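See structure below.
The values are calculated or read from the model by the stated rules, or taken from the named source; none is laboratory data. Note that the coordinates shown come from a computational prediction; the quantities given were computed from them, not determined experimentally. Note: ideal-geometry Cβ built from the backbone for every residue, glycine included; neighbour counts use all protein chains shown.
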């Protein structure tokens with residue numbers, strides 16, 4: 001026999017609704033029950049009080065006291081026929097009929113009935129214990145006698161003018177009548193309870209709708225799973241994630257975002273006031289739409305940022321901003337460009353060396369020793385390569401010589417003359433060629449761009465390189481100047497190191513972006529790399545329109561090693577600027 005599929009469990013919102021309805025119903029029922037019981041008890045106490053008052057009135061009647069005393073003094077008890085027509089029966093029945101009591105009973109000192117609504121019961125002993133009343137106490141009772149359940153009272157009957165108890169008067173009111181009184185009073189209670197139940201049901205439905213809206217219709221298990229997944233994903237990924245809620249506050253700021261932006265956890269901070277780059281905030285403006293990813297420099301890193309609108313069933317949940325670290329990729333790309341340029345120059349150098357050696361070998365083979373000596377002298381004076389770089393022979397390090405020579409070829413193709421300054425002196429060997437060529441290449445490229453667009457008739461770029469030996473690795477000082485129009489008086493020299501500074505957003509100068517880069521990150525990365533090594537890149541001279549242009553200086557500690565050769569130390573030589581002044585670093 002095929003089993004039926006198990007019924008799916010009730011949704012949490014439905015369970016909550018049913019639980020609330022059950023609680024409301026239980027509270028209403030308990031309240032109504034307690035109110036009914038209190039009403040029943042109150043009416044019962046009123047009946048007891050009324051019975052006590054009537055019993056006292058009958059027991060204090062002198063005729064009743066005299067008649068009961070007379071019967072008590074007689075030997076034996078009169079027969080029922082005599083009691084039925086006696087004065088006590090008339091008094092008791094008259095009082096019962098006037099007050100609507102269930103019974104008015106008079107007994108002698110032994111508890112035998114002298115008056116009773118049922119004549120057949122006359123002369124018999126009462127069904128309830130009369131000892132307390134016969135001992136002189138007034139009591140109220142609730143019990144079930146021969147006439148049914150009742151609330152009543154018992155009062156002793158004293159002999160006239162004495163304190164001798166000669167009988168009792170027992171009065172009772174039917175509890176059924178009390179129940180009818182309670183039933184009449186319970187009507188408003190029932191209406192009130194029904195109104196409270198209806199209000200509770202309505203409130204429960206409204207609370208259910210609000211709960212569904214707040215939880216986006218998700219069940220508690222789903223919410224718990226989402227929270228665990230969110231923590232695992234947001235804290236486990238290397239990408240920065242920033243969540244901006246619809247009301248403009250940061251709802252998510254994961255550990256990667258804190259690390260990339262160099263900020264503590266900003267959760268709860270208004271997005272407009274958050275200490276993050278303005279480029280990030282611009283991605284989430286109402287008119288931003290689905291913008292393309294943007295590159296920016298923040299916290300000393302190159303980041304790629306993108307923002308997407310977060311929607312759930314047409315409900316606007318805010319924005320999600322993603323951050324990816326591209327610092328290492330940018331540095332490796334630029335270092336690879338530098339290495340590629342240097343490799344090309346070294347291949348050209350190898351080819352040129354081979355040609356020169358063949359020439360010398362030819363002279364020697366022909367016995368032209370004098371011509372060979374003269375040729376070698378010319379090589380020593382002009383350098384091993386015929387790069388279009390003036391005074392290239394001042395660069396003795398092969399890395400620098402090949403790299404600057406290759407940059408000279410590129411500059412010559414753009415109509416710019418690249419030359420080595422006369423103060424250049426590098427006695428050691430470059431130990432960190434990638435970092436050196438990355439910084440030097442950025443400065444040369446920016447200077448070439450500035451010279452190309454400058455207004456000076458002669459386009460040139462001059463480079464001076466000095467090394468300062470040290471036991472832990474020498475410091476390389478690089479100065480680059482150009483013939484461009486400078487940074488301009490309106491430009492803060494520090495602004496050129498901000499990411500995004502290009503020829504389109506700032507003055508055309510050595511601080512502008514390298515040709516073909518188009519991202520405005522060159523100088524920012526160069527300074528970042530230098531500062532990571534304990535050095536810096538800064539502006540020595542902002543330049544002027546018509547030339548000379550801006551002068552940039554970079555210091556790269558721990559990038560050289562080796563010879564402590566002759567000549568003045570770099571610290572003594574100073575760094576000569578290109579306006580004819582010395583500027584010590």
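I'd like to know if the stretch 408-421 contains one or more residues that are in the same structural domain as residue 544 (by TED's automatic domain parsing), out of contact with any helix residue (DSSP H, G or I) (no Cβ under 9 Å at 6 or more places or on another chain) and in contact (Cβ under 8 Å) with a residue 40 or more places away in the chain.
No; the residues of the stretch 408-421 include none that is in the same structural domain as residue 544 (by TED's automatic domain parsing), out of contact with any helix residue (DSSP H, G or I) (no Cβ under 9 Å at 6 or more places or on another chain) and in contact (Cβ under 8 Å) with a residue 40 or more places away in the chain.
Hey, among 481, 498, 526, which residue is under 37 Å from the mean Cα position of the chain (by Cα) and at pLDDT 80 or above?
The unique qualifying residue is 526.
Starting from the stretch 487-501, take each residue that is within 21 Å of residue 278 (Cα to Cα) and list its partners that are assigned to a loop (DSSP other than H, G, I, E, B) and at pLDDT 75 or above, counting only C-beta distances under 9 angstrom and pairs at least six apart or across chains.
Hits for this filter: 491/542; 493/487; 493/542; 493/550; 495/487; 496/487; 496/550; 499/277.
State whether one or more residues within the stretch 451-462 are touching a strand residue (DSSP E or B) at 6+ places or on another chain (Cβ under 6 Å), closer than 22 Å to residue 527 by Cα, assigned by TED's automatic domain parsing to the domain that holds residue 551 and part of a helix (DSSP H, G or I).
yes
Filter the stretch 268-283 down to the residues that are out of contact with any helix residue (DSSP H, G or I) (no Cβ under 9 Å at 6 or more places or on another chain) and either crowded, with 18+ Cβ neighbours inside 10 Å or assigned to a loop (DSSP other than H, G, I, E, B) (or both) and list them by number.
Passing the criteria: 268, 269, 283.
When the stretch 529-544 is examined, which residues are found to be more than 12 Å from residue 481 (Cα to Cα) and modelled with pLDDT of 85 or more?
Correct list: 530, 531, 534, 535, 536, 537, 538.
Of all residues in the stretch 108-138 being part of a helix (DSSP H, G or I) and surrounded by 13 or more Cβ atoms within 10 Å (Cβ to Cβ), which is farthest from the chain's Cα centre (by Cα)?
For the stretch 108-138, the residue satisfying everything is 119.
Conditions: (1) surrounded by 12 or more Cβ atoms within 10 Å (Cβ to Cβ); (2) within 30 Å of residue 26 (Cβ to Cβ); (3) at pLDDT 75 or above. Residue 206 meets all but one. Number of the miss?
(1)
Would you mind stating whether residue 142 is in contact with a helix residue (DSSP H, G or I) (Cβ under 9 Å, 6 or more places away or on another chain), farther than 22 Å from residue 48 by Cβ and surrounded by fewer than 23 Cβ atoms within 10 Å (Cβ to Cβ)?
Criteria not met by residue 142.
Looking at the stretch 154-174, can you tell me whether even one residue there is part of a helix (DSSP H, G or I) and either at pLDDT 75 or above or over 24 Å from residue 51 (Cα atoms) (or both)?
No, the stretch 154-174 contains no residue that is part of a helix (DSSP H, G or I) and either at pLDDT 75 or above or over 24 Å from residue 51 (Cα atoms) (or both).
Out of (1) part of a helix (DSSP H, G or I); (2) modelled with pLDDT of 80 or more, the odd one out for residue 78 is which?
Among (1) part of a helix (DSSP H, G or I); (2) modelled with pLDDT of 80 or more, the lone unmet condition for residue 78 is (1).
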